[in-house]
Amino acid sequence: MKIRVQFRSAAGRSCLDEPAGMRGVPVEDRAPLSEPRAYRGRRSKLTKWSSASSGWTVWCSSNVQKNAAMLLDFDPDIACFQSKVVEVHWEKDGKSGSTEPAFMARTRQGQRLAIVHPPRSTSGLEEEALRQTAEEAGWQIRPLTVPQGVLQDSLHTAAHFRHTRIPGPQDRQAVLDSFATPHPLNTGAARSGLGPPAIDYAWHLLWTGELTCDWQRPLLPTSPVWATGTNMSEESER
């Protein structure tokens, strides 16, 4: 299969290269090849996600992709991610086409990920093109994962606080200390002694993973919450 990968250079120019030439290229840091535009008759909803991991705007072609972006942003292993930064153009046996990952991402260990949609065609050619590209470019392929049900609702709630700013390390530690043993979210926040802002700080620390809860249950102000690493055998406050 003949493959060329389209992406933007560090200077912002659109480029084409063979997959092997993509090794080490930080495409996840680059501007999208094109900005999605709404148009008459579009079936999916054009939307975007403001990433707390990188501070970048990530364009999404649907609410499903936006929810997948939310889950990536929540993943502590993901340093940054972006959409529409790579297009894979392929030719094989007289057929040709193009495909693109839903997102390109980089982990905190430096591994580059191609987050891919389920195959759109039954021919398998798009999937083959992505696999070959990833192998030669040194990318790891991961399927697009979308949160469902209770988890999706709870992440949506916590995500409202993903950009909350905590004034300093002392305030952050005060909130963490107030959840050294499990407490309802609102009660534990009040125990910190930081006043009304404490509840926003607690929601934010749930998003960052410094506080945690049972993500399989609805996340409410009365939900038990504890600092990550807390011994859950200790009795939570009722």
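The values are calculated or read from the model by the stated rules, or taken from the named source; none is laboratory data. Since this is a predicted model, take the numbers as computed values, not measurements. Every residue, glycine among them, receives a Cβ derived from its backbone with ideal geometry; neighbour counts consider all protein chains shown.
Looking at the range 164-173, is at least one residue among the charged types (D, E, K, R) and crowded, with 19+ Cβ neighbours inside 10 Å? There is no residue in the range 164-173 that is among the charged types (D, E, K, R) and crowded, with 19+ Cβ neighbours inside 10 Å. Yes or no: the range 66-78 includes at least one residue that is on the phi > 0 side of the Ramachandran plot and either out of contact with any strand residue (DSSP E or B) (no Cβ under 8 Å at 6 or more places or on another chain) or surrounded by fewer than 21 Cβ atoms within 10 Å (Cβ to Cβ) (or both). Within the range 66-78, none of the residues are on the phi > 0 side of the Ramachandran plot and either out of contact with any strand residue (DSSP E or B) (no Cβ under 8 Å at 6 or more places or on another chain) or surrounded by fewer than 21 Cβ atoms within 10 Å (Cβ to Cβ) (or both). Apart from one condition, Leu206 fits all of (1) under 29 Å from Thr57 (Cβ atoms); (2) surrounded by fewer than 16 Cβ atoms within 10 Å (Cβ to Cβ); the exception is (2). Selection of first residues in the range 184-203 that are in contact (Cβ under 8 Å) with a residue 40 or more places away in the chain and more than 11 Å from Val225 (Cβ to Cβ) and of second residues that are among the small types (Gly, Ala, Ser) and crowded, with 19+ Cβ neighbours inside 10 Å, restricted to Cβ pairs under 6 Å at least 6 apart or on distinct chains, gives an empty result.
Within the range 33-59, being at pLDDT 90 or above and more than 17 Å from Leu113 (Cβ to Cβ) holds for Leu33, Lys48, Ser50, Ala52, Gly55, Thr57, Trp59. Suppose we filter Arg112, Arg172 for residues that are in the same structural domain as Arg23 (by TED's automatic domain parsing) and either touching a strand residue (DSSP E or B) at 6+ places or on another chain (Cβ under 9 Å) or more than 22 Å from Met70 (Cα to Cα) (or both); which single one remains? Answer to the check: Arg112. Would you call Thr212 surrounded by 17 or more Cβ atoms within 10 Å (Cβ to Cβ) and either assigned by TED's automatic domain parsing to the domain that holds Phe81 or within 21 Å of the chain's Cα centre (by Cα) (or both)? Yes: the conditions hold for Thr212. Among the residues here, Arg217 qualifies as exposed (fewer than 13 other Cβ atoms within 10 Å of the Cβ) and either outside any helix (DSSP H, G or I) or in contact with an Asp or Glu (Cβ under 8 Å, 6 or more places away or on another chain) (or both).
Any chance the range 69-87 includes a residue that's over 20 Å from Glu135 (Cβ atoms), free of Cβ contacts under 8 Å to residues at least 12 places away in the same chain and assigned by TED's automatic domain parsing to the domain that holds Ser123? Checked against the condition, which is being over 20 Å from Glu135 (Cβ atoms), free of Cβ contacts under 8 Å to residues at least 12 places away in the same chain and assigned by TED's automatic domain parsing to the domain that holds Ser123, the range 69-87 yields at least one hit.
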